[in-house]
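Enquirer: I'd like to ask some things about the structure below.
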Amino acid sequence: MKQARVEAQRAVSTYTFSAVEARKLAGEAVPMDASAAGEGKLALTLRKPIGIVGAISPFNFPLNLVAHKIAPALAAGCPVVLKPASATPLSALFLASLEEEAGLPGGWINVVSGSAPAIGDAIVEDERVKLITFTGSGAVGWGIAERAHRKRVKLELGNATPAIVCHDAPPDTAAKLAANAFSFAGQSCISVQRIFVMTDAWDDFLAEFVPKVEALRLGDPADDATDVGPLIDENERDRVLGWIHESKGEVLTGGTLDDDGLIRPTVIASPAVEDKVQCEEVFGPVVTLTRTSSLDDAIEQANATRYGLQAAIFSRDIRTCLEAASRLEFGGVMVNEAPTFRADQMPYGGVKASGNTKEGPAWTVREMTEERLVVLQL
């Protein structure tokens with residue numbers, strides 16, 4: 001519940017930032033006199049709406065990720081056909097009703113809830129849809145990109161999020177990572193999943209981190225005191241449990257169900273590199289801990305994934321942090337902050353299998369427009 005309240009406030013920010021971008025959306029002057037061919041001419045560019053936007057959003061942030069689709073599209077002047085996640089359509093429908101109440105003309109937002117394949121196929125195949133914005137699984141997202149090759153397709157996908165803990169990490173590092181690793185029960189594409197700890201820091205980090213995890217309250221998501229709630233459905237719960245049991249690492253805490261059938265926050269030490277909890281996106285309340293001997297080794301292991309959304313480095317040495325930021329193959333690198341951090345005005349997006357775009361209203365609005373050149377003979 002406390003996380004849902006934060007999400008609602010963030011959705012307000014997403015609309016505010018998008019409104020700002022609507023007022024800033026402008027083209028550029030082109031210096032035609034920079035060449036002989038351009039003498040006597042004046043040129044400028046205009047930003048024009050690309051057209052109908054097809055938006056597909058996931059279940060895990062059913063209000064703010066919908067806002068990240070709708071608000072920039074409206075700021076760019078584009079109508080939207082939105083397919084919310086089948087498990088969580090009500091937030092999108094509520095948000096659309098607020099838009100109507102605020103005076104948005106009919107037809108600008110169209111929320112279609114139902115069968116994902118049927119609605120997704122229609123969005124992909126309809127020539128009137130000029131841009132598709134998708135947040136979700138890599139298999140679905142890249143499949144859309146392959147099928148909709150004549151459309152602009154913007155993907156924000158998953159991650160196996162790493163954090164590197166150096167010997168000189170700030171004193172609140174373990175507490176910060178414990179809280180952020182298990183928020184939303186790990187159902188966030190930037191949830192802390194893989195922690196690489198320098199040998200000199202290993203014992204102290206474990207001694208602090210594991211009790212912090214065990215102190216998290218598991219229970220009813222409607223209770224303000226709850227830190228970790230359920231996964232979205234039983235199939236996901238069973239999949240995550242299977243990955244835990246398959247791991248060759250040592251389960252330091254968790255790995256079982258509580259009396260209500262919820263997965264206890266789980267910490268696995270020294271997993272094998274081929275363990276699914278180490279090389280795939282868990283999307284559940286699981287964190288792995290790996291001892292590492294050097295920054296080079298930590299960066300190499302952090303990069304040893306097909307994903308590249310966000311990562312983190314914890315150190316009080318600015319040279320170490322800047323080196324890691326340069327070498328980590330991720331779209332964003334947090335310094336002395338959990339890689340789960342996202343502010344809605346910042347550019348957010350990954351590389352490699354994690355996507356091909358940057359979200360954040362300033363970036364998304366421009367993606368949803370086309371540039372038109374105007375040349376005037378003086």
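The values are calculated or read from the model by the stated rules, or taken from the named source; none is laboratory data. The structure presented is a predicted model; accordingly, all values stated were derived computationally and were not measured. Virtual Cβ from ideal backbone geometry, glycine too; neighbours counted across all protein chains shown. Side chains are part of the model used for accessible areas, which takes the heavy atoms of the whole protein and leaves out ligands, DNA and RNA. Shrake-Rupley method; radii C 1.70, N 1.55, O 1.52, S 1.80 Å.
Enquirer: Under 6 Å between Cβ atoms, at least 6 apart or on separate chains: pull out the pairs that start in region 75-89 with a residue that is more than 16 Å from residue 117 (Cα to Cα) and end on any residue that is among the aliphatic types (A, V, I, L, M) and part of a strand (DSSP E or B).
Expert: Between residues of region 75-89 that are more than 16 Å from residue 117 (Cα to Cα) and residues that are among the aliphatic types (A, V, I, L, M) and part of a strand (DSSP E or B), the close pairs are 78/53; 79/52; 80/53; 80/55; 80/109.
Enquirer: Right, here's the next one. Regarding residue 206, is this residue assigned to a strand (DSSP E or B) and surrounded by fewer than 24 Cβ atoms within 10 Å (Cβ to Cβ)?
Expert: no
Enquirer: Considering every residue within region 302-323, establish whether at least one is more than 21 Å from the chain's Cα centre (by Cα) and part of a strand (DSSP E or B).
Expert: no
Enquirer: Can you list residue pairs whose Cβ atoms sit under 8 Å apart, with the first residue in region 262-274 being on the phi > 0 side of the Ramachandran plot and the second being in a strand (DSSP E or B)? Count only pairs 6 or more apart in sequence or on different chains.
Expert: Listed pairs, sorted by first residue: 270/250; 270/289; 270/290; 270/291.
Enquirer: Could you list, in sequence order, all residues of region 229-257 that are under 23 Å from residue 208 (Cα atoms) and either in contact with a Gly (Cβ under 8 Å, 6 or more places away or on another chain) or touching a residue at least 60 places away in the same chain (Cβ under 8 Å) (or both)?
Expert: Listed by number, the residues that qualify are 229, 244.
Enquirer: Filtering region 84-110 down to residues that are surrounded by fewer than 21 Cβ atoms within 10 Å (Cβ to Cβ) and within 23 Å of the chain's Cα centre (by Cα), which residue is farthest from residue 51 (Cα to Cα)?
Expert: Looking at the filtered set, the residue picked out is 87.
Residue-by-condition table, conditions (1) in contact with a Ser or Thr (Cβ under 8 Å, 6 or more places away or on another chain); (2) hydroxyl-bearing (Ser, Thr, Tyr); (3) open to solvent by less than 10 Å² (accessible area, probe 1.4 Å); (4) modelled with pLDDT of 95 or more:
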{"position": "240", "(1), (2), (3), (4)": "no, no, yes, yes"}
{"position": "270", "(1), (2), (3), (4)": "yes, yes, no, yes"}
{"position": "275", "(1), (2), (3), (4)": "yes, no, yes, yes"}
{"position": "294", "(1), (2), (3), (4)": "no, yes, no, yes"}
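Listed here are the residues, each with its yes/no results for (1) surrounded by fewer than 22 Cβ atoms within 10 Å (Cβ to Cβ); (2) under 19 Å from the mean Cα position of the chain (by Cα); (3) not in a strand (DSSP E or B).
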residue	(1), (2), (3)
13	yes, yes, yes
18	no, yes, yes
21	yes, no, yes
27	yes, no, yes
53	no, no, no
65	no, yes, yes
71	no, yes, yes
82	no, yes, no
